[in-house]
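Notes follow the structure.
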Amino acid sequence: MALADKLPQNEYDTLIVSAAGKAPHGSLYDLITNDTREMIESKFFSAYLSAKYISPKLSDGGSITFVSGVLNRRPGLNCSPLAVTNGALEGLTRSLALELGPRLRVNCLSPGFCDTARFDDMEKSRKEGRP
């Protein structure tokens with residue numbers, strides 16, 4: 001990764017990866033496979049590759065923080081690609097915490113739903129975290 005090659009050694013102690021992009025929604029049978037593949041490439045592999053190439057440059061005692069999302073723990077109807085991607089990201093977090101620790105801490109933030117126009121049509125019980 002060209003950017004990582006340009007980073008000085010031990011000058012940074014934190015890497016935060018929060019990738020957003022197109023998140024395909026729809027039933028398993030209606031989703032376009034390539035859209036799901038692109039989302040996994042964007043959200044999961046941006047974290048994976050950033051950790052792979054930038055973690056060696058971080059100073060001892062530093063940290064890596066990824067951002068996933070609620071759909072791994074609270075799946076929604078027609079949201080399987082995002083649920084799977086968030087699950088992969090959280091699995092990567094746990095694995096890297098073991099692999100890179102104790103030199104680096106690795107954590108993942110998983111925010112819940114935000115009350116925005118995007119979720120106006122969501123059922124009230126779902127917004128409140130109930131099934």
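Give region 11-59 a look and list any residue that's of a type in the set (Lys, Arg) and touching a strand residue (DSSP E or B) at 6+ places or on another chain (Cβ under 7 Å), or say none. Walk me through how you get there before you give the answer.
First, the residues of region 11-59 that are of a type in the set (Lys, Arg): 22, 37, 43, 52, 57.
The answer is Lys57, and nothing else.
If I ask for residues that are farther than 22 Å from Gly91 by Cβ, surrounded by 11 or more Cβ atoms within 10 Å (Cβ to Cβ) and of a type outside the set (Phe, Trp, Tyr), which ones from region 2-21 would you list? Outline the logic, then answer.
Step one: of region 2-21, the residues farther than 22 Å from Gly91 by Cβ are 2-13.
Subset that is surrounded by 11 or more Cβ atoms within 10 Å (Cβ to Cβ): 4, 7, 10, 12-13.
Those that are farther than 22 Å from Gly91 by Cβ, surrounded by 11 or more Cβ atoms within 10 Å (Cβ to Cβ) and of a type outside the set (Phe, Trp, Tyr): Ala4, Leu7, Asn10, Asp13.
Out of all the residues in region 41-68, which are touching a Ser or Thr at 6+ places or on another chain (Cβ under 6 Å) and surrounded by fewer than 17 Cβ atoms within 10 Å (Cβ to Cβ)?
Ser63
Kindly list, by first and then second residue, each pair from a residue in region 22-50 that is within 20 Å of Phe66 (Cβ to Cβ) to a residue that is in a helix (DSSP H, G or I) and small (Gly, Ala, Ser), limited to pairs with Cβ atoms under 8 Å and residues at least 6 apart or on different chains.
Lys22/Ser42; Ile40/Ala88; Phe44/Ala88
Pairs under 8 Å by beta carbon, first residue under 11 Å from Phe66 (Cβ atoms) and in contact (Cβ under 8 Å) with a residue 24 or more places away in the chain in region 85-97, partner of a type in the set (D, E, K, R) and not in a helix (DSSP H, G or I), six or more apart or different chains?
none
Read-outs throughout are calculated quantities, based only on the coordinates presented, and are distinct from any laboratory measurement. Everything quoted here is computed from the prediction, not taken from an experiment. Positions of Cβ are backbone-derived with ideal geometry, glycine not excepted, and every protein chain shown enters the neighbour counts.
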